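Accompanying notes for the structure given below.
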Amino acid sequence: MTEIDINGLDEAIAGEVVGRRGDRKMLRAAKKSLDGRATGLARILPFLGPAFIASIAYIDPGNFATNIQGGAQFGYTLLWVITAANLIAAFLQALSAKLGIATDASLPMLCRKYLPSKLNYTLWAIAEIAAMATDLAEFVGASLGFTLLFHFPLLLSALLTGLVTFLILGLQRYGFRPLEALIAGFVSIIALSYVVETILARPNFQQITYHAIVPNLPAGSILLAVGILGATVMPHVIYLHSALMNGRVPARSNADRKRIFRLSIVDVAIAMTLAGVINGAMMFMAAAIFHRDGLTQIADLGTAYRTLTPLLGGAASIIFGVSLLASGLSSSTVGTMAGQVIMEGFVGWSIPQWVRRLITMVPALIIIALGVDATQAIVFSQVILSFALMGPIAALLYFTSQPKLMGPLVNRAWTLGLGIAIGLVILVLNAWLIIATVGASR
């Protein structure tokens, strides 16, 4: 591999940085914070946002599908998987943010610049497959949300999802703050929905506390466990987060970069904690309502929506539908942004976002047109994502461990060791899934 040097990021690469310009008021506030002239919330606020955009991918319709199936079938026992997956996700998103801050480049750009051509194209192919799997879950989920709430035909809902997503992406022309605010609003809607669902469901908090910490894999749960991991730790936002940091708050020195990173950790901690709580609420709501009443075969989101009405009343199902729609629309938007970063970074191709949106709609439209069970398609897409995780994790650990590239933000030994351990855990889970699947087919 080529020797890594921060000066090697030539103008061609620097020109492709996905900078988030505009919002001069926020930039002035950020400079004031970096200069030590702001305290309390004013010191932190300018740096909040990128992790919230990334976090929406951690509460997308794939999470709805895997978490609700897990809660319905196995009660509270898989909550620990959500805890572990969320901690892994927070760690990886912090590393991705750090890479963007230190280099002013995205992870895919660095792969194209420094990795052998064959390896770069292999990682690109895997990333594109993961992006399509991601978009399938998000797009189908949003379409289901429209159908459940407004009784539109599913195919019409899919087309409407594409249109609304494109309109949301149009906010980027006004700078990064409006889009960050909208995504944060969607996260708030989902969180509020599950606060209400939790109040209505009255889960067993003693069981929640125990199973959120104590590992347990009941027989037959491995597919869902790996699916939960794939739905929670998302390859495309590992790539995206590094790009979101590029030029967002310009650093004047290495000292600035260190301060920006410390404040970005707060962003990651808040956003990922909220995402983890929402994921847990999805599962323990299903455990409290469906598993408790013996409804262990809630196999699709439509059934979950319809079953909530007789169990908890009409308001519960509407709240569920609203949260699913908010999740699908926002995560589909983020998925399209990540797809752009992946293509531009790995191969230097740039296509209009509406073309990217149209291309990534095709697999979901085919699934819908063929009448394939939407929720099962979502669950299997999340398993694909779990297998696609090793590429970005390995690349992220490699680049963030290069002193000449990272400067004072280079990984410490314990950080690298923890990252390797995370990769090994994912490998073991995937190997376990293959063995379990082959054994079941005999």
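Every read-out reported here was derived from the displayed coordinates using simple, explicitly stated rules and does not represent laboratory data. Because the structure is a prediction, the values reported are computed rather than measured. Cβ placement follows ideal geometry from the backbone for every residue including glycine, while neighbour counts extend to all protein chains displayed.
The fewest-to-most ranking of Tyr210, Tyr174 by surrounding Cβ atoms within 10 Å reads Tyr174, Tyr210. Ordering Met245, Met390 from the fewest to the most neighbouring beta carbons within 10 Å gives Met390, Met245. Within region 98-256, the percentage of alpha carbon pairs spaced more than 25 angstrom apart rounds to 54%. Listing Glu128, Glu197 from fewest to most neighbouring C-beta atoms within 10 Å gives Glu128, Glu197. Applying the Karplus relation 6.51 cos²θ - 1.76 cosθ + 1.60 with θ = phi - 60° to region 286-291 yields 3J(HN,Hα) values of 5, 5, 6, 9, 8, 5 Hz, where x marks Gly and Pro. Taking the average, over residues, of other Cβ atoms within 10 Å as the packing measure, peptides 222-228, 395-401, 359-365, 92-98 rank 92-98, 222-228, 395-401, 359-365 from highest down. Working note: Cα gyration tensor of region 50-441, eigenvalues times five, square-rooted, sorted largest first, giving semi-axes of 32, 23, 20 Å.
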